[in-house]
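Written out below as structure tokens is the structure these notes cover.
The values are calculated or read from the model by the stated rules, or taken from the named source; none is laboratory data. What you are looking at is a predicted structure, and each value in this text was computed from that prediction instead of being measured. Don't worry about glycine lacking a Cβ; one is built from the backbone with ideal geometry, like all the others, and counts go over all protein chains shown. Calculation scope for accessible area: heavy atoms of the full protein, side chains included, ligands and nucleic acids excluded. Shrake-Rupley method; radii C 1.70, N 1.55, O 1.52, S 1.80 Å.
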Amino acid sequence: EASALWLSQSKKMSAPPTQIMQLGSKFDFLVAVCDSRQWLNQCNMLPLGAYKKMVAVPHEHRLAQKNNISVKDLYGETLMMVKEGDSPANDRIRSDLQKQHPSIQIEDTPSFYDISVFNRCIETGNVLLTLECWQDVHPALVTIPVNGDYEVPYGLLYAKSPSLDIVRFVDAIQHIKK
């Protein structure tokens, strides 16, 4: 899901596509949540796992005290999520919501989350579709698991034309994963 906020282990944000384009020159690898067609046109990805989708709401929101959310809990809400077309995982979620749960309004966000998306969630009081790995990204938001099988893959991103050392490393990781 490159519908992504670009986060390092310390949860600091930086711009996404610049680092992707620097794979093989400035960076050998990046670990990221990614199923973005835009990103995967510029790099390779070795899938390592998946993160569950969650929702984030301001502390004062009616859902903020829940331990988990069903899709029906979102009826009457506006759900902020990445715009359609770049992320197959998000597109499947959007399609499911539009067909099966039309009482949930969808507000498009940019394909790549930055702090302004989280701030808009707070300002509007809307619900934001996010990921478990970002649950502590903003102190004014509560992040809650969503019941269901909504996930986005993460993995090791590397250059489209990797060096022999990178290919060997990726092969070793694939061998370990088996």
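I need the calculated FRET efficiency for the pair A64 and T18, taking r as the beta carbon distance and R₀ as 45 Å, to the nearest 0.05. Provide the component values of the computation, followed by the final result.
Numbers: r = 35 Å, r/R0 = 0.77.
Step by step, r from the Cβ atoms, then E = 0.85.
Can you send over the carbon and sulfur percentage of the accessible area for the chain, probe radius 1.4 Å, protein chains only?
On the way: 4530 of 9240 Å².
Carbon with sulfur: 49 percent of the solvent-accessible area.
Please compare each pair in K52/K177; K52/K72; K52/K99; K52/K160 to a cut-off of 24 Å on the Cα-Cα distance and tell me which ones are over it. Write out the running numbers ahead of the final one.
Working: K52/K177 20 Å; K52/K72 18 Å; K52/K99 21 Å; K52/K160 27 Å.
Distance filter (> 24 Å) returns K52/K160.
Counting pairs of alpha carbon atoms under 8 Å apart in space and at least six apart in sequence, what relative contact order in percent does the chain give? Working shown, then result.
Values: 327 pairs, mean separation 69.5, N = 178.
Value for the chain: 39 percent.
Rounded to the nearest 10 degrees, what's the angle between the helix 115-124 long axis and the longest principal axis of the chain, both from Cα atoms, 0 to 90?
10
What do you get for the angle between helix 88-100 and the principal long axis of the chain? Use alpha-carbon atoms, 0 to 90 degrees, nearest ten.
Long axis of 88-100 versus the principal axis of the chain: about 20 degrees.
For the range 46-133, just say rounded, prolate or oblate: build the C-alpha gyration tensor, square-root its eigenvalues into a ≥ b ≥ c, call rounded for a/c under 1.5, and beyond that prolate if a/b exceeds b/c, oblate if not.
Numbers: a/c = 1.37, a/b = 1.21, b/c = 1.13.
It is rounded, given that a/c, with a ≥ b ≥ c, falls under 1.5.
For helix 164-177, report the angle its Cα long axis makes with the longest principal axis of the Cα atoms of the chain; keep it between 0 and 90° and round to the nearest 10°.
For helix 164-177, the angle is close to 50 degrees.
Where the centroid of each part is defined by its Cα atoms, how far is the range 40-79 from the range 142-178 in Å?
Spelled out, the Cα-based centre of one part sits 20 Å from the other.
With n ≥ 4 as the cut-off for DSSP H runs, can you work out [θ] at 222 nm for the chain, using -39500 (n - 2.57) per run divided by the number of residues, rounded to the nearest 500? Show your work: numbers first, answer last.
On the way: 5 runs with 47 residues, N = 178.
When only DSSP H runs of four or more count, the value is -7500 deg cm²/dmol.
Counting DSSP beta bridges in the chain, what percent are antiparallel, to the nearest 5?
On the way: 23 of 32 bridges.
Counting DSSP beta bridges with both partners in the chain, the antiparallel share is about 70 percent.
Send over a whole-number figure in Å² for the accessible area per residue of the chain, probe 1.4 Å.
52
Can you work out the PRE-style zone for Q100? Point 7 Å along Cα to Cβ, and I want the residues of the range 68-86 with backbone N under 19 Å.
From the range 68-86, the list is 68-82.
Give the label of the value calculated from the structure for semi-axes √(5λ) of the Cα gyration tensor in Å, choosing from (1) 36, 14, 10; (2) 26, 18, 15; (3) 31, 16, 15.
Identified label for the calculated read-out: (3).
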